[in-house]
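Engineer: Here it is, the structure in full.
No lab work stands behind these numbers, since they all come straight from the coordinates. Because the structure is a prediction, the values reported are computed rather than measured. With ideal geometry, Cβ positions are generated from the backbone for all residues, glycine too; neighbour counts draw on all protein chains shown.
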Amino acid sequence: MVLRILLAASSLVLLASPAAAHLDPAEHGSFAAGFTHPLFGLDHVLAMIAVGLWAALSGGRALWLFPSAFVGAMVIGFVLAIAGMPLPFVEPLILASVVLFGAAVCLALKIPNAVSVALIGIFGICHGHAHGGEIGSAGEISYAAGFVLATAILHGAGLLIAQGAFAAARNNPAVARRVIRALGAITAVSGVYLAVAG
């Protein structure tokens, strides 16, 4: 059962391949353009799911604190982008977030929540800035609402994958943790691959 969860989660990650172009707001609406924007980049998908996995492994306040910190920081990055404030190294930092979050899950990294939130916030700003940099003709509020919702769903997917692993191996939580950590390793390696392939 645990192996099935690992395979299913890996399949979902691999199916979330980058799209050739983002939705046109004029044709699909600003909300739809914003909602699909995080889903069109494997780097975004991997990082956001990994935040949920890391939160699940950390437990306690991290369950809501890590995803909230990412979403809040992402909105700040978006505002900076639409205000025309440049942010250097956004794309490399987004790829670095995939590797770092994946490594944090793989290592079941336990550090003070304040440090985790600071790291998550830095990378969340980069993800938000990237979304804002590609807003096109979309309306800011609707577009932001779309990508905030999509991001929250991806964080929730990470949490649900982890909870599914714990439920499947309820008599042996150590096995569930190994499955989740293996997903972290896959995420980190995928981030390195994306950086090299890009």
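Engineer: Quick one: compute a quarter of the convex hull surface over the Cα atoms of the chain and quote it in nm².
Structural biologist: Dividing the Cα hull surface by four gives the mean projection, 10.5 nm².
Engineer: While we're on this one: Viscosity 0.890 mPa s, temperature 25 °C: what is the translational diffusion coefficient of the range 64-128 from Stokes-Einstein with a Kirkwood Rh over Cα pairs, rounded to a whole number of µm²/s?
Structural biologist: Values: Rh = 12.1 Å.
D, rounded to a whole number, is 203 µm²/s.
Engineer: Helix 62-82 versus the longest principal axis of the chain: what angle, 0 to 90°, nearest 10, using Cα atoms?
Structural biologist: 20 degrees
Engineer: How are the C-alpha pair distances of the range 24-103 spread across 10 Å bins, as whole percents from the shortest bin up?
Structural biologist: 16, 42, 34, 8, 0
Engineer: First select every other residue whose beta carbon is under 15 angstrom from the beta carbon of Val105; then total the charges, Lys and Arg +1, Asp and Glu -1.
Structural biologist: The answer is +4.
Engineer: Counting helices only, and only those DSSP H runs with n ≥ 4, report the 222 nm mean residue ellipticity of the chain as the sum of -39,500 (n - 2.57) divided by its residues, in deg cm²/dmol to the nearest 500.
Structural biologist: The per-residue figure over the chain is -26500 deg cm²/dmol.
Engineer: So what is the relative contact order of the chain, in percent, for Cα pairs below 8 Å that sit 6 or more residues apart? Let's see the in-between values first.
Structural biologist: Working: 325 pairs, mean separation 72.0, N = 198.
Answer for the chain is 36 percent.
Engineer: Of the peptides 39-47, 91-99, how do they stack up when ordered by the mean number of other Cβ atoms within 10 Å, highest first?
Structural biologist: Highest mean packing first, the order is 39-47, 91-99.
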